[in-house]
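The values are calculated or read from the model by the stated rules, or taken from the named source; none is laboratory data. Given the structure is predicted, the values throughout are model-derived calculations rather than measurements. Glycine also receives a Cβ, built like all others from the backbone with ideal geometry; neighbour counts cover every protein chain displayed.
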């Protein structure tokens, strides 16, 4: 039996977050299925991958709680929200879920700091960084959707140009002087 190295309060917060990560996976899974049923194969693939990533986050919490001598408490996961009415609502909901998840991670990090639980504080930093990336990714998706869907000029061409630029080389080849 391991010595418990986290407080009951931190253990509860970590368990709550573990359950929240499982819920996030369900949300992504639900939205992925909705996208697939509506012929958005690329979005569905993206969301299915994110569902898997959220489950990996859940397992990180389980492992951390157990490694620190705590007890993981597996609880029921609430049902995901209703299907979105359209892609814009889907992407806005994804962003909102990520922002809410960031707030929950921040609360854990704050609690760990208050308790001077530096191991949990350090563990939480990985998730703080991850949430910055997740929020940025969700914002980028919304921007791409807006560019591709809003009727302003010729957005289809702008969208394609943006895709091309994302993989364009950052340097240019400079012609050498010809030697005669």
- Message: Criterion first (more than 14 Å from residue 12 (Cβ to Cβ) and surrounded by 13 or more Cβ atoms within 10 Å (Cβ to Cβ)) does residue 100 satisfy it?
- Response: no
- Could you please let me know if residue 135 is surrounded by 18 or more Cβ atoms within 10 Å (Cβ to Cβ), in contact with a helix residue (DSSP H, G or I) (Cβ under 6 Å, 6 or more places away or on another chain) and modelled with pLDDT of 95 or more? no
- Query: Just to be sure, is residue 44 at pLDDT below 95 and part of a helix (DSSP H, G or I)?
  - Reply: yes
- Cross-chain or 6+ apart pairs with Cβ under 6 Å, the range 50-77 first and on the phi < 0 side of the Ramachandran plot and assigned to a helix (DSSP H, G or I), then surrounded by fewer than 13 Cβ atoms within 10 Å (Cβ to Cβ) and modelled with pLDDT of 95 or more: none
- Of these, 101, 93, which one is in contact with a helix residue (DSSP H, G or I) (Cβ under 7 Å, 6 or more places away or on another chain), under 18 Å from residue 131 (Cα atoms) and either part of a helix (DSSP H, G or I) or at pLDDT below 95 (or both)? 101
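Out of all the residues in the range 84-97, which are more than 15 Å from the chain's Cα centre (by Cα) and crowded, with 16+ Cβ neighbours inside 10 Å?
Passing the criteria: 84, 87.
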